[in-house]
Protein chains: 2
Amino acid sequence: MKIIAGGVCAAKGFLANGIHCGIRKNKEKKDLALIYSQSRANTASVYTTNKVKGAPLTVTKSNISDGYAQAVICNSGNANTCNANGIEIAEQMCTLLGKALKIDEKDVVVASTGVIGQPLDITPIENGIPALVNGLSSDASQSAAEGIMTTDTRLKEIAVSFVVDGKECRIGGIAKGSGMIHPNMATMLVFITTDCKISTRMLQKALSTDIQSTFNMVSVDGDTSTNDMVTVMANGQAGNKEIDSEGEDFDTFMKALNTVTVDLCRKIAGDGEGATKLLECEVCGAYDEQNAKTIAKSIICSSLVKSAMFGSDANWGRILCAIGYSGADVDVNKVFVSFKSQKGEISVCENGAGVEFSEEFAKEILLENEITIKVKLGDGNGQATAWGCDLTYDYVKINGDYRT
Amino acid sequence: MKIIAGGVCAAKGFLANGIHCGIRKNKEKKDLALIYSQSRANTASVYTTNKVKGAPLTVTKSNISDGYAQAVICNSGNANTCNANGIEIAEQMCTLLGKALKIDEKDVVVASTGVIGQPLDITPIENGIPALVNGLSSDASQSAAEGIMTTDTRLKEIAVSFVVDGKECRIGGIAKGSGMIHPNMATMLVFITTDCKISTRMLQKALSTDIQSTFNMVSVDGDTSTNDMVTVMANGQAGNKEIDSEGEDFDTFMKALNTVTVDLCRKIAGDGEGATKLLECEVCGAYDEQNAKTIAKSIICSSLVKSAMFGSDANWGRILCAIGYSGADVDVNKVFVSFKSQKGEISVCENGAGVEFSEEFAKEILLENEITIKVKLGDGNGQATAWGCDLTYDYVKINGDYRT
């Protein structure tokens, strides 16, 4: 398996585009994205567990209930959520795109992201679709990735190639997500494409399994979005024998998918609103995997831990505190904590109590922009990793006046 | 019932004091507090549910297991938590104070607050106890309240008088709490005194019931402290017939206790680390009380709602979002939201969708420093109130470098 260029266009038969159509005021910012497969693709999707759901999710769920899709349309600047006419607008987006692409309107995945509770005007989208479709290219994954960004400061894109049944397959994805990030079952907006031939049932299984240890282990601010969605389209153009059961080929596919999703998780966490640092929390020795996940996520979600990391302050007491209130089954007298970055690693807590350490070296480690918090427990063999970011002045600034 | 002066010294037979003994570097800041009852008092207490517990809590729990206490000693500047010799130090504090006051060392409630995981030196406490005891006065509740403050910017004190069995009774309390505030079963440090005669069993019942709708409904940052504790001492000096069962007198006592605890909750939330605003979230029409509580607390804990309130931005979509991911049983199509302050009230969402409203008037309402977020649901008769504060640059600043 190797990392390759091309994002969602890396896999055979996928084209993309992104344009500014006028939903956002700033004309420099793209606000409409399209991903198109030249043939119908087996499609799997997972959605937010928030009871307040964006209208596009409801429409998408219905559209792909037969297991197929051929295109994804996604706008930024408006979430089309909590609007009286939300469903109608989302359906119109599918109808208009279906006509322009000459595909069934039911083969469209529709998504929206941005402010909640403001009616979404169909006009700029309707006017933009011809240019969006005409500009489709196998070289425009980046334009699509730009089209779905909101407060994201960095484009999030990845692709890998792998071999199944002697055929080279490719899988790639784009993501948006910076604030309102605390996935539960599904997360943010992530669109993944592959040319690997895999049945819808196995594709859904791969996705639903993978997100438990990837997107569901990311948190920027503890707020689970109304519009979270991850969709994978597999058009089978790599020509391999279809993966339709568990086994070696499915494992290979899972590994490739996981490489893509972990990369996007790290990119999302590291680009959390206002963030200056990516935090990775690795827990091992937990009673079981579930307890390891609970602890890793509790640490990564703690405002106090996040603020300390912003200040490069080795305040490990807050990590113990977050372990203690996590609800996990844990012996707090067997906790070891260390901080690690490319500058090195330093142990700050052993058997639940502080140890002498060099504050200078700790500071040097924590001044880096990718920090790993390592927690070793004495309860069993459970392990998990969670991703988050520091809490900064800029998070507050960005969210103090988001709508204007 | 009326509000009176005197704090923890308002009730008959209670004296207090607070001094700087040298735990904190800043000599202007008091760091050791004492509350003393001239007779043994029936005592009830609730503690944090964090599995990492401060050593003083363990010692206090053992000391008051017989239902009695006569004094409270509390230091700030160091939490005496996650230290190898924590229990020993907490016991020494009780022994030294017991000797100085000539009371049983087992009648001492001991508490500590401040940084976690740094050994607490007994020397300044030992040297300070004589002055602490000599300065005891019926006029020094404020000194004691100052002695327990950490990042608090305002002193938190209240007292009320009420009548039971024809006798005037008094109840008063002091509190500290500004960060690491997300109580679960107990919270922060709160010391309450009353001269009302009430059995330990009924006192514990009153306290355990009351905190469910008061301290457990406060959140500053989602982090449940390791050292949370609320203690009530009742020395019976008001001379009323002892309250030893449910009934009218118990109800009167509950109401007086609730007046004290709600006032302290509002003071704690309004003085949350870095806060510029007190947020009060009132939920009505929920399926039941538990669902109302879950929703109110989810809103008050949302970093996105808190940041919007800091920016006086009527971004109600985030309130719907927090309702949706709260896990509560709720029909999201029957949600009404309005913002209220002393400038007036404005409706922003009806039946789960936005309504037209004046952004100027909304801004005017939200620029005040006490904001009520009112949520009306269509599911039943459950109601609840939660208290929190806005998320500001200063929260990040305070917690980015807390230990230095």
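With the structure loaded, tell me whether B:Gly274 is touching an Asp or Glu at 6+ places or on another chain (Cβ under 7 Å) and touching a residue at least 12 places away in the same chain (Cβ under 8 Å) or whether it fails that test.
Numbers: touching an Asp or Glu at 6+ places or on another chain (Cβ under 7 Å): yes; touching a residue at least 12 places away in the same chain (Cβ under 8 Å): yes.
Answer is yes for this residue.
Which is of a type outside the set (A, V, I, L, M, F, W, C) and either buried (at least 24 other Cβ atoms within 10 Å of the Cβ) or assigned to a helix (DSSP H, G or I) (or both), of B:Ser312, B:Ser298?
Numbers: B:Ser312 fails: either buried (at least 24 other Cβ atoms within 10 Å of the Cβ) or assigned to a helix (DSSP H, G or I) (or both).
So the residue among B:Ser312, B:Ser298 that is of a type outside the set (A, V, I, L, M, F, W, C) and either buried (at least 24 other Cβ atoms within 10 Å of the Cβ) or assigned to a helix (DSSP H, G or I) (or both) is B:Ser298.
Give the residues of the stretch B:243-274 that are farther than 30 Å from B:Glu168 by Cα and over 16 Å from the mean Cα position of the chain (by Cα), sorted by residue number.
Filtering the stretch B:243-274 for residues farther than 30 Å from B:Glu168 by Cα gives B:269-274.
Residue satisfying the conditions is B:Gly274 alone.
In the condition set (1) closer than 25 Å to A:Ser219 by Cβ; (2) modelled with pLDDT of 90 or more, A:Ile64 is compliant with all but (1).
Taking the stretch A:37-60 as the search range and keeping residues that are within 17 Å of the chain's Cα centre (by Cα) and hydrophobic (A, V, I, L, M, F, W, C), which one is farthest from the other protein chains (Cβ to nearest Cβ)? The qualifying residue farthest from the other protein chains (Cβ to nearest Cβ) is A:Ala44. With respect to B:Gly317, determine if the residue is among the small types (Gly, Ala, Ser), crowded, with 24+ Cβ neighbours inside 10 Å and at the interface with chain A (Cβ under 7 Å from one of its Cβ atoms). Yes: the conditions hold for B:Gly317.
The rows are residues; the columns are (1) acidic (Asp, Glu); (2) outside any loop (DSSP other than H, G, I, E, B); (3) touching a Ser or Thr at 6+ places or on another chain (Cβ under 9 Å); (4) within 14 Å of B:Leu97 (Cα to Cα).
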residue	(1), (2), (3), (4)
B:Asn26	no, no, no, no
B:Lys29	no, no, yes, no
B:Ser37	no, yes, yes, yes
B:Arg40	no, yes, no, no
B:Lys51	no, no, yes, no
B:Lys61	no, yes, yes, no
B:Ile73	no, yes, no, yes
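Answer yes or no: is there a residue in the stretch A:104-118 that is of a type in the set (Val, Ile, Thr) and more than 21 Å from A:Thr226 (Cα to Cα). Quick ask: steps written out before the conclusion?
So the first thing to find is which residues in the stretch A:104-118 are of a type in the set (Val, Ile, Thr), and the list is A:108-110, A:113, A:115-116.
Then keep just the ones that are more than 21 Å from A:Thr226 (Cα to Cα); that gives none.
The answer is no; no qualifying residue exists.
Residues in the stretch B:374-404 that are surrounded by 24 or more Cβ atoms within 10 Å (Cβ to Cβ), more than 14 Å from chain A (Cβ to nearest Cβ) and under 16 Å from B:Ser326 (Cβ atoms): 1 in all. Within the stretch B:94-125, how many residues turn out to be more than 13 Å from every other protein chain (Cβ to nearest Cβ) and touching a Pro at 6+ places or on another chain (Cβ under 8 Å)? Of the residues in that region, 3 qualify.
With the condition kept exactly as written, say whether any residue in the stretch B:213-226 is of a type in the set (A, V, I, L, M), at pLDDT 85 or above and touching a helix residue (DSSP H, G or I) at 6+ places or on another chain (Cβ under 7 Å).
Initial filter on the stretch B:213-226 (of a type in the set (A, V, I, L, M)): B:217-218, B:220.
With at pLDDT 85 or above added as a condition, the list becomes none.
No: zero hits.
For B:Val283, are the conditions met, namely being in the same structural domain as B:Lys376 (by TED's automatic domain parsing) and not polar (S, T, N, Q)? So B:Val283 fits the description; yes. Residues of the stretch A:182-198 that are closer than 30 Å to A:Tyr395 by Cα, crowded, with 24+ Cβ neighbours inside 10 Å and either out of contact with any Cys (no Cβ under 9 Å at 6 or more places or on another chain) or at pLDDT 70 or above (or both): A:Pro183, A:Ala186, A:Met188, A:Leu189, A:Val190, A:Phe191, A:Ile192.
For the stretch A:259-267, indicate whether the set of residues that are out of contact with any strand residue (DSSP E or B) (no Cβ under 7 Å at 6 or more places or on another chain) and closer than 24 Å to A:Leu207 by Cβ is non-empty. Checked the stretch A:259-267: at least one residue is out of contact with any strand residue (DSSP E or B) (no Cβ under 7 Å at 6 or more places or on another chain) and closer than 24 Å to A:Leu207 by Cβ.
Looking at the structure I just gave you, is B:Ile365 closer than 25 Å to A:Gly274 by Cα, among the β-branched types (Val, Ile, Thr) and assigned to a helix (DSSP H, G or I)? Steps first, answer last, please.
Working: closer than 25 Å to A:Gly274 by Cα: no; among the β-branched types (Val, Ile, Thr): yes; assigned to a helix (DSSP H, G or I): yes.
So B:Ile365 fails the test.
How many of the residues making up the stretch B:350-371 are aromatic (Phe, Trp, Tyr) and surrounded by fewer than 16 Cβ atoms within 10 Å (Cβ to Cβ)?
Restricting attention to the stretch B:350-371, the residues satisfying the condition of being aromatic (Phe, Trp, Tyr) are B:357, B:361.
Still in the list and also surrounded by fewer than 16 Cβ atoms within 10 Å (Cβ to Cβ): B:361.
Number of matching residues: 1.
Checked against (1) away from chain A (no Cβ under 12 Å); (2) at negative phi, B:Gly247 meets all criteria but (2). For the stretch A:140-159, the set of residues classified as touching a Leu at 6+ places or on another chain (Cβ under 9 Å) and either loosely packed, with under 15 Cβ neighbours inside 10 Å or outside any helix (DSSP H, G or I) (or both) consists of A:Ala140, A:Ile148, A:Met149, A:Lys156, A:Glu157, A:Ile158, listed by residue number.
Determine whether B:Lys102 is buried (at least 18 other Cβ atoms within 10 Å of the Cβ) and free of Cβ contacts under 8 Å to residues at least 12 places away in the same chain. No: the conditions fail for B:Lys102. Taking the stretch A:71-85 as the range and being more than 17 Å from B:Gly352 (Cβ to Cβ) and of a type in the set (A, V, I, L, M) as the test, the residues that pass are A:Ala71, A:Val72, A:Ile73.
Any chance the stretch A:91-110 includes a residue that's small (Gly, Ala, Ser) and either under 26 Å from B:Cys349 (Cα atoms) or part of a loop (DSSP other than H, G, I, E, B) (or both)? Before you say what the answer is, go through the steps one by one.
The first filter runs over the stretch A:91-110 and keeps only residues small (Gly, Ala, Ser), leaving A:98, A:100.
Restricting the remaining residues to those that are either under 26 Å from B:Cys349 (Cα atoms) or part of a loop (DSSP other than H, G, I, E, B) (or both) gives none.
No, the stretch A:91-110 has no match at all.
Against the numbered list (1) assigned to a loop (DSSP other than H, G, I, E, B); (2) out of contact with any Gly (no Cβ under 8 Å at 6 or more places or on another chain); (3) under 28 Å from B:Gly324 (Cβ atoms), A:Asn80 comes up short only at (2). Does any residue of the stretch A:68-79 turn out to be over 26 Å from A:Thr200 (Cα atoms) and not polar (S, T, N, Q)? For the stretch A:68-79, residues over 26 Å from A:Thr200 (Cα atoms) and not polar (S, T, N, Q): present.
Take the conditions in contact with a Ser or Thr (Cβ under 9 Å, 6 or more places away or on another chain) and either at pLDDT below 95 or assigned to a helix (DSSP H, G or I) (or both) and apply them to B:Leu203. Does it pass? When the stated conditions are applied, B:Leu203 passes them. Scanning the stretch A:111-126 for residues that are assigned to a strand (DSSP E or B) and either among the aliphatic types (A, V, I, L, M) or not assigned by TED's automatic domain parsing to the domain that holds A:Thr150 (or both) yields a single hit, A:Ala111. When the stretch A:284-295 is filtered for residues that are out of contact with any Leu (no Cβ under 7 Å at 6 or more places or on another chain) and surrounded by 24 or more Cβ atoms within 10 Å (Cβ to Cβ), the ones remaining, listed by number, are A:Ala292, A:Ile295. Taking the conditions (1) in contact with a strand residue (DSSP E or B) (Cβ under 6 Å, 6 or more places away or on another chain); (2) at pLDDT 95 or above; (3) within 14 Å of chain A (Cβ to nearest Cβ) in turn, B:Glu88 satisfies each one other than (1).
When the stretch B:330-363 is filtered for residues that are touching a residue at least 40 places away in the same chain (Cβ under 8 Å), within 12 Å of chain A (Cβ to nearest Cβ) and not basic (Lys, Arg), the ones remaining, listed by number, are B:Val330, B:Asp331, B:Val335, B:Phe357, B:Glu359, B:Ala362.
The values are calculated or read from the model by the stated rules, or taken from the named source; none is laboratory data. These numbers come from a predicted model, not from an experiment. Cβ coordinates were reconstructed from backbone atoms using ideal geometry, including for glycine residues, and neighbour counts include every protein chain displayed.
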